[in-house]
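Peer 1: Next up is a structure, given as structure tokens.
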Amino acid sequence: MNMACGTSPLRIGVVGYGHLGQFLVEQLLSEGPGLGLKLEFVWNRNADKLRGVVSDEFILRDLSSFAERQCDVIVEVCHPQIVKEFGVQFLSKSHLMVGSPSALSDPELNRTLRQAAQRHGRTLYVPSGALWGGQDIQRLSDSGALKALFIRMSKHPSCFRLTKDVLSDWSEGEGRRVLFRGSVAELCPLAPNNVNTMAAAAVAAGALGFSGVQGEIVSDTELSDYHVVEVEVTGPDGFSVRTVRRNPAKLGAVTGSATYKSFWNSLLVCKGHGGRVFLC
Ligand SMILES: NC(=O)c1ccc[n+]([C@@H]2O[C@H](COP(=O)([O-])OP(=O)(O)OC[C@H]3O[C@@H](n4cnc5c(N)ncnc54)[C@H](O)[C@@H]3O)[C@@H](O)[C@H]2O)c1
């Protein structure tokens with residue numbers, strides 16, 4: 001396995017060419033060589049979007065032939081469905097950074113991906129995204145001291161992509177509205193593109209899992225410039241931590257701007273951590 005030691009760069013495949021995919025490809029081409037990273041391929045379900053923008057040599061036309069381009073790390077930045085269809089195959093050949101960790105709320109998929117990582121000795125990386133303190137939560141969970149975890153994500157209504165019709169009637173100036181409160185397992189299917197940060201938290205809080213971590217999504221028309229992520233951690237004997245992260249974001253943007261850089265920093269960590277799940 002190529003591990004970017006000496007002169008061999010770490011070869012990266014990017015699956016998805018939306019906002020995050022474009023950002024990562026640009027970074028790989030501009031900064032990658034200096035950091036020992038090499039773009040190996042880019043795939044997008046509509047290849048036309050890549051033509052004339054990305055050099056032909058990098059374009060992978062058929063995702064099922066991904067193994068022909070040997071990669072050390074495959075980065076998924078498109079949709080939970082692709083994690084479901086290809087995650088196990090990706091892990092049989094490469095480490096995998098799952099940009100859509102809400103896919104892991106499906107207990108069966110979660111189990112098969114963990115098994116595949118273990119079987120092939122490859123790492124399933126989960127980027128922290130907009131989560132603050134993920135490693136601290138993980139340490140608390142691993143030591144058996146994590147009692148409860150709650151995450152609230154508040155955004156302008158134009159930033160939500162929901163699978164159920166609970167927000168079609170919003171109007172500018174209406175203020176704050178709680179859309180849903182429940183377990184992260186229940187929230188992921190309702191807002192798969194909006195709660196990846198909560199999914200990363202549920203991975204960090206392995207002892208509680210997706211059904212044990214509680215979340216809330218809030219629509220707020222006042223939040224035209226940023227998303228807010230609040231995390232409340234409860235430990236034993238009155239221990240608690242509360243963080244509030246303001247993530248600058250344009251109106252209608254699913255992803256806050258600081259999250260792009262966070263993804264890039266996560267990718268720099270993906271050098272192989274054995275056959276397990278690793279929050280990066
Ligand atoms: N982990 C995090 O904190 C975090 C943060 C932001 C976004 N995300 C997730 O990362 C992924 C990419 O985000 P983005 O901001 O680049 O989104 P985007 O909408 O800009 O791009 C998504 C891309 O995937 C493609 N796509 C959509 N559905 C698809 C499907 N079923 N099969 C194949 N391709 C499909 C689209 O055509 C588009 O090119 C999304 O799943 C998003 O929810 C995660």
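Peer 1: Considering segment 99-117 alone, what residues qualify as being over 14 Å from ALA202 (Cα atoms) and near the ligand (Cβ under 10 Å from one of its atoms)?
Peer 2: Listed by number, the list holds a single entry, GLY99.
Peer 1: Could you list, in sequence order, the residues of segment 146-170 that are open to solvent by less than 20 Å² (accessible area, probe 1.4 Å) and basic (Lys, Arg)?
Peer 2: Once the filter is applied, which keeps residues that are open to solvent by less than 20 Å² (accessible area, probe 1.4 Å) and basic (Lys, Arg), segment 146-170 yields only LYS155.
Peer 1: Do we have VAL83 as away from the ligand (no atom under 14 Å from the Cβ) and touching a strand residue (DSSP E or B) at 6+ places or on another chain (Cβ under 6 Å) here?
Peer 2: On the way: away from the ligand (no atom under 14 Å from the Cβ): no; touching a strand residue (DSSP E or B) at 6+ places or on another chain (Cβ under 6 Å): yes.
When the stated conditions are applied, VAL83 does not pass them.
Peer 1: Has segment 29-42 got any residue that is modelled with pLDDT of 95 or more, under 20 Å from the mean Cα position of the chain (by Cα), open to solvent by 50 Å² or more (accessible area, probe 1.4 Å) and within 13 Å of the ligand (Cβ to nearest atom)?
Peer 2: No, that holds for no residue.
Peer 1: Away from the ligand (no atom under 16 Å from the Cβ), under 19 Å from GLU85 (Cα atoms) and open to solvent by 10 Å² or more (accessible area, probe 1.4 Å): does that describe ARG69?
Peer 2: Details: away from the ligand (no atom under 16 Å from the Cβ): yes; under 19 Å from GLU85 (Cα atoms): yes; open to solvent by 10 Å² or more (accessible area, probe 1.4 Å): yes.
It is true that ARG69 is away from the ligand (no atom under 16 Å from the Cβ), under 19 Å from GLU85 (Cα atoms) and open to solvent by 10 Å² or more (accessible area, probe 1.4 Å).
Peer 1: So ARG61 passes all but one of these: (1) surrounded by 21 or more Cβ atoms within 10 Å (Cβ to Cβ); (2) not in a helix (DSSP H, G or I). Which condition number does it fail?
Peer 2: Single failed check for ARG61: (1).
Peer 1: So which of VAL75, VAL88 is open to solvent by 10 Å² or more (accessible area, probe 1.4 Å) and either away from the ligand (no atom under 14 Å from the Cβ) or part of a strand (DSSP E or B) (or both)?
Peer 2: Numbers: VAL75 fails: open to solvent by 10 Å² or more (accessible area, probe 1.4 Å).
Unique residue meeting the criteria: VAL88.
Condition check ((1) in the same structural domain as SER154 (by TED's automatic domain parsing); (2) touching an Asp or Glu at 6+ places or on another chain (Cβ under 9 Å); (3) surrounded by 14 or more Cβ atoms within 10 Å (Cβ to Cβ); (4) assigned to a loop (DSSP other than H, G, I, E, B)) across all residues:
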| residue | (1), (2), (3), (4) |
| --- | --- |
| ALA199 | yes, no, yes, no |
| ALA202 | yes, no, yes, no |
| ALA207 | yes, yes, yes, yes |
| SER211 | yes, yes, yes, no |
| ILE217 | yes, no, yes, no |
| GLU222 | yes, no, no, yes |
| HIS227 | yes, no, yes, no |
| ASP237 | yes, no, no, yes |
| ARG245 | yes, yes, yes, no |
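Peer 1: While we're on this one: Applying the selection to segment 138-172, what residues are outside any strand (DSSP E or B) and among the small types (Gly, Ala, Ser)? Give the steps one after another, and end with the answer.
Peer 2: Step one: list which residues in segment 138-172 are outside any strand (DSSP E or B), which gives 138-147, 156-172.
Answer for segment 138-172, where residues must be outside any strand (DSSP E or B) and among the small types (Gly, Ala, Ser): SER141, SER143, GLY144, ALA145, SER158, SER168, SER171.
Peer 1: A follow-up question, please. Mind telling me which of the residues GLY175, GLY134, GLY121, GLY129 ends up being under 23 Å from MET97 (Cβ atoms), open to solvent by less than 60 Å² (accessible area, probe 1.4 Å) and away from the ligand (no atom under 16 Å from the Cβ)?
Peer 2: On the way: GLY175 fails: under 23 Å from MET97 (Cβ atoms); GLY134 fails: away from the ligand (no atom under 16 Å from the Cβ); GLY129 fails: away from the ligand (no atom under 16 Å from the Cβ).
Answer to the selection: GLY121.
The values are calculated or read from the model by the stated rules, or taken from the named source; none is laboratory data. Not measured: the values here are computed from a predicted model. Cβ sites come from the backbone with ideal geometry, for glycine too, and all protein chains shown count toward neighbours. Keep in mind that these areas ignore ligands, DNA and RNA; they rest on the heavy atoms of the full protein, side chains included. Shrake-Rupley method; radii C 1.70, N 1.55, O 1.52, S 1.80 Å.
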